[in-house]
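One structure is given here, and the rest of the page talks about it.
The values are calculated or read from the model by the stated rules, or taken from the named source; none is laboratory data. For clarity, every value in this text was computed on a predicted model and none was experimentally measured. As a convention, Cβ positions derive from the backbone with ideal geometry for all residues, glycine included, and neighbour counts pool all protein chains shown. Remember, those area values only see protein heavy atoms, side chains included, never the ligands or the DNA or RNA. Shrake-Rupley method; radii C 1.70, N 1.55, O 1.52, S 1.80 Å.
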Amino acid sequence: YDWSTAGSQTVVMNYMRNMKNDNDYHFTLLITEPFKDVMYEKELAVGNYDYKSCEYKPSKCSRILRPIVNWVTYQYKIWKVIKSERPDIIHTHLTNILPYVVFPAIFSRANKVHTLHSDPYAIPKKNVIWAWLAFHFFGFRPIAVTENQSKKACKRYKLSDIDIVHNGLDLNAYNQNDVCRQNVRTELGLDQDAFVIGTVGRFDKIKNFPFLIKVFSEYLKLNSSARLLMVGDGIERQQLAELVRFLNIENKVIFAGQRSDVQNMYKAMDLFMLTSFFESSSIVTVEAQLSGVRCVISSSIPDSVIITDKVNRISLDAPLDEWMSAISGQLPRDPQINDEIHFSIENTILELKQVYHRLK
């Protein structure tokens with residue numbers, strides 16, 4: 001779809017950055033939506049990456065014909081780029097793109113892989129059907145991003161085995177620096193002694209940010225000097241701002257927008273929170289831990305992202321008192337599940353290449 005800073009786009013961007021001069025593979029990125037001058041698009045432009053847009057624009061014909069015309073047009077636009085590029089491998093991301101790429105892809109002679117970025121039980125049924133068809137009849141090889149997601153996908157799509165390519169990061173980019181912390185807080189207008197709760201992500205329904213804001217509002221009763229730092233943007237931005245106004249906490253919440261220096265945002269935080277309904281993985285939770293930040297996350301987020309002794313996973317159904325205790329650091333931490341090397345970009349590239357090599 002578009003090239004925003006959502007999770008799947010970040011995963012692909014990390015592939016592009018770290019395999020830019022790879023001796024085995026050359027990547028051409030296809031963005032199906034028109035360019036919107038967002039942060040990652042700007043990075044592509046200045047970084048001399050190979051990328052294309054099929055420049056799909058919805059038709060304005062009659063309502064009866066519009067869905068069919070748009071579906072056919074979308075696929076034709078994608079097919080034109082595929083035909084021009086003649087790739088050896090077509091690697092798609094996000095299940096909701098499959099209805100538009102399955103047929104253009106099978107008309108090429110390329111090998112086909114698809115990365116699952118969502119919980120297989122949390123996506124619309126029509127997309128489940130398209131994924132099932134892609135995996136069983138149209139030659140797409142599925143890739144999961146965690147072991148737990150792989151097990152769920154095998155059950156959901158009636159598959160015996162699914163490759164795993166973990167989301168990877170440049171581990172060296174998340175060092176701790178007190179001077180940077182002071183500078184970032186000054187830039188954001190945060191007092192140096194404020195207790196800052198932060199979150200990072202796309203402002204989308206699945207992230208459950210209204211619940212996070214309500215939990216923060218309750219915590220203010222215990223610590224009036226607390227501040228909430230929300231890094232990101234999305235379709236729920238206005239709704240979240242209205243909720244903040246309704247709760248009369250506008251002077252306690254900072255909407256930082258999309259940032260190209262997300263690593264620095266973590267350094268301003270005392271606590272990272274994520275209250276998502278579903279996550280197949282959570283790379284932002286890993287980033288926060290790498291930055292030395294304590295984390296309180298919903299139990300909907302898989303425990304495979306716990307790489308330190310700094311995490312509490314709390315049920316979304318738990319009473320507010322339990323969330324308050326977790327934020328205050330009064331609950332025992334969850335045990336470490338993985339080592340940070342599990343999420344290194346070097347490990348990810350190795351796993352990805354192993355999948356590609358098996359296609360030959």
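Data overview
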| read-out | value |
| --- | --- |
| Check on Q239, open to solvent by 30 Å² or more (accessible area, probe 1.4 Å), modelled with pLDDT of 95 or more and under 24 Å from V38 (Cα atoms) | yes |
| One residue from R181, R202, R185 being within 17 Å of the chain's Cα centre (by Cα), of a type outside the set (G, A, S), under 28 Å from T308 (Cβ atoms) and not in a strand (DSSP E or B) | R202 |
| Unique residue being in contact (Cβ under 8 Å) with a residue 24 or more places away in the chain and on the phi > 0 side of the Ramachandran plot when the list is L94, L98 | L94 |
| Odd one out for V244 among (1) of a type outside the set (D, E, K, R); (2) free of Cβ contacts under 8 Å to residues at least 40 places away in the same chain; (3) open to solvent by 10 Å² or more (accessible area, probe 1.4 Å) | (3) |
| Selected residue (criterion: nearest to N347 (Cα to Cα)) from residues of the stretch 117-171 that are in contact (Cβ under 8 Å) with a residue 12 or more places away in the chain and among the β-branched types (V, I, T) | V165 |
| Residue list for the stretch 132-178, filter: among the hydrophobic types (A, V, I, L, M, F, W, C) and within 23 Å of T10 (Cα to Cα) | F140, I143, A144, V145, A153, I162, I164, V165, L169, L171, A173 |
| Residue check, S300 modelled with pLDDT under 95 and either of a type in the set (F, W, Y) or open to solvent by 30 Å² or more (accessible area, probe 1.4 Å) (or both) | yes |
| Residues being of a type in the set (G, A, S) and in a loop (DSSP other than H, G, I, E, B) - total across the stretch 311-360 | 4 |
| Single residue of the stretch 310-324 satisfying the filter (surrounded by fewer than 15 Cβ atoms within 10 Å (Cβ to Cβ) and not small (G, A, S)) that is nearest to G168 (Cα to Cα) | L316 |
| First in the stretch 308-334 and free of Cβ contacts under 8 Å to residues at least 40 places away in the same chain, second anywhere and open to solvent by less than 20 Å² (accessible area, probe 1.4 Å) and in a loop (DSSP other than H, G, I, E, B), Cβ under 6 Å, 6 or more apart | D334/I306 |
| F278, sole failed condition from (1) in contact with a helix residue (DSSP H, G or I) (Cβ under 9 Å, 6 or more places away or on another chain); (2) open to solvent by less than 50 Å² (accessible area, probe 1.4 Å); (3) within 28 Å of P142 (Cβ to Cβ); (4) aromatic (F, W, Y) | (2) |
| Verdict on H166 being open to solvent by less than 70 Å² (accessible area, probe 1.4 Å) and touching a Gly at 6+ places or on another chain (Cβ under 8 Å) | no |
| Test for W130: is it within 27 Å of N167 (Cα to Cα), surrounded by 15 or more Cβ atoms within 10 Å (Cβ to Cβ) and touching a helix residue (DSSP H, G or I) at 6+ places or on another chain (Cβ under 8 Å) | yes |
| F216 being open to solvent by less than 20 Å² (accessible area, probe 1.4 Å), more than 18 Å from R259 (Cβ to Cβ), free of Cβ contacts under 8 Å to residues at least 60 places away in the same chain and among the aromatic types (F, W, Y) | yes |
| Given (1) open to solvent by less than 40 Å² (accessible area, probe 1.4 Å); (2) farther than 23 Å from H117 by Cβ; (3) assigned to a loop (DSSP other than H, G, I, E, B), index of the condition I307 fails | (2) |
| Given (1) touching a helix residue (DSSP H, G or I) at 6+ places or on another chain (Cβ under 8 Å); (2) open to solvent by 40 Å² or more (accessible area, probe 1.4 Å); (3) under 21 Å from Y174 (Cβ atoms), index of the condition L331 fails | (3) |
| Those strands (runs of 3 or more DSSP E) lying entirely in the stretch 214-304 with at least 3 residues more than 21 Å from D317 (Cβ to Cβ) | 226-231, 253-257 |
| Residue match in the stretch 10-20 (condition: free of Cβ contacts under 8 Å to residues at least 60 places away in the same chain, of a type in the set (A, V, I, L, M), open to solvent by 20 Å² or more (accessible area, probe 1.4 Å) and at negative phi) | no |
